[in-house]
1. What residue, among those in region 105-136 that are of a type in the set (D, E, K, R), farther than 22 Å from Ile300 by Cβ and in a loop (DSSP other than H, G, I, E, B), is least open to solvent (accessible area, probe 1.4 Å)?
2. Within region 240-249, track down each residue that is surrounded by fewer than 23 Cβ atoms within 10 Å (Cβ to Cβ) and in contact (Cβ under 8 Å) with a residue 60 or more places away in the chain.
3. Would you check if there is a residue in region 133-145 being within 13 Å of the chain's Cα centre (by Cα) and over 17 Å from Tyr324 (Cα atoms)?
4. Those residues that are in contact (Cβ under 8 Å) with a residue 60 or more places away in the chain, of a type in the set (Asp, Glu) and not in a strand (DSSP E or B), I need them from region 140-196; list them, please.
5. In region 323-342, which residue that is touching a residue at least 60 places away in the same chain (Cβ under 8 Å) and within 23 Å of Gly90 (Cα to Cα) is nearest to the chain's Cα centre (by Cα)?
6. Do we have Phe266 as over 30 Å from Ala85 (Cβ atoms), open to solvent by less than 10 Å² (accessible area, probe 1.4 Å), out of contact with any Lys or Arg (no Cβ under 7 Å at 6 or more places or on another chain) and modelled with pLDDT of 95 or more here?
7. Would you confirm whether or not region 38-51 contains a residue that is at pLDDT 55 or above, loosely packed, with under 15 Cβ neighbours inside 10 Å and closer than 28 Å to Phe129 by Cα?
8. Scanning region 53-84 for residues that are in contact with a Ser or Thr (Cβ under 6 Å, 6 or more places away or on another chain) and more than 23 Å from Asp143 (Cβ to Cβ), which turns out surrounded by the fewest Cβ atoms within 10 Å (Cβ to Cβ)?
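The values are calculated or read from the model by the stated rules, or taken from the named source; none is laboratory data. Since the structure is predicted, the reported quantities are computational estimates derived from the model, not experimental observations. Note: ideal-geometry Cβ built from the backbone for every residue, glycine included; neighbour counts use all protein chains shown. Just the protein is used for accessible areas: all its heavy atoms, side chains included, with ligands, DNA and RNA removed. Shrake-Rupley method; radii C 1.70, N 1.55, O 1.52, S 1.80 Å.
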Amino acid sequence: GIGEQVGNIDLHHRYRVATRRSADYTAICIRSEIISSNMPEFSRPFPDQPLTVAQAIAGETLTDVSEHDILGKLRDTAVLVRGFAGDISGFHRFATKFCSTSVFNESPDRLLLDEKNNIQSVNLGNDMFPLHPELARVPWKPDICFFHCITAPEEGGETTFCDGVEIARRLPRDVRNVLETRSLLYVQHAGPPMLQFWLGTSTPSDALLANPPAGCPYRFRRVGDGVVRFFARPSLHKPLWSDELAFGNFLLFARDYLKIDRMPLFEDGSRIPDWIVDAVRDVAQPITFAVKWEAGDILILDNSRFMHGRNAITDESERSIATYFGYLKGVKQSPDEIADPPWRQANFHPPGPGRRPTAL
């Protein structure tokens, strides 16, 4: 059933919040009744859930939202910016208040909304997507994700999110002991466009494969008649603003959506056991929440801490979501990244179009 809790959150704002629980998620449905204020209001509708709402009060625009305030909330929550008028250009201006550069997601089935500024739609279709950080399957995982609702569906299509720090805290001790000492290896095919982009030739020699240029984030190996590219990341990592370890990688998406079990692998090339994947999934389920979209919403996630997904969409034509994936101003690069990575120097457009990872 649906339970409602109505109360005064502060002197200026009342929230009516409904929660709907199922085996898969808790949906947060937020409707706000404005009383009076001159500035955007920040509130935690449910203090035990990692979501801060920044609500417009009296016709404010996105330029009235302080990036300092947003960044403060992003240290341990997702942030939903609601009730502000805006369009694609305003969405871009808002995102670049935070980011110095952005990255293009080369996965298929996305619409290009603003090519110059790397603004795309989310993946099309009506499938449910398991939890994942954006672009965890490549070495240039962005710091932050912005999702902007252009049109909202009447039913379904909520964006889900889950705190990777909380997942790590709740993991069974035997699972955590394994993950703390292991890295994840991402191995994918390297076709001619990928080789040309990173190595300067689509037909590299064995010597070049063994010693790629300094600005290349991949290692390479010849396998049969082809070439594979690979890189590694910790199974548990420290996010941007926490000293605690977090779980945030491609594992659940690969197993539960792509149905492949060799992407990622452990660092020695061994398959990650099902009992570890099952434990992570079981821990994540009760702490996964979902935002029911309203037109104009912007959901902001620390991509180093929070994973996201989506619930199945009833009518795909009703749902239009724009995305911007960026690298934050004034933030030190991840210790796992190569020195002076190109994605932090200018807007980054990796080779494409991409193809789904497959078991090798």
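1. The extreme case among them is Glu106.
2. Leu240, Trp241, Ser242, Glu244, Leu245
3. Looking for residues that are within 13 Å of the chain's Cα centre (by Cα) and over 17 Å from Tyr324 (Cα atoms), one finds at least one in region 133-145, hence yes.
4. Scanning region 140-196 gives Asp143, Glu154, Glu155, Glu158, Glu166, Glu180.
5. Residue satisfying both the conditions and the ranking: Phe325.
6. Criteria not met by Phe266.
7. Yes, region 38-51 contains a residue that is at pLDDT 55 or above, loosely packed, with under 15 Cβ neighbours inside 10 Å and closer than 28 Å to Phe129 by Cα.
8. For region 53-84, the residue satisfying everything is Ile57.
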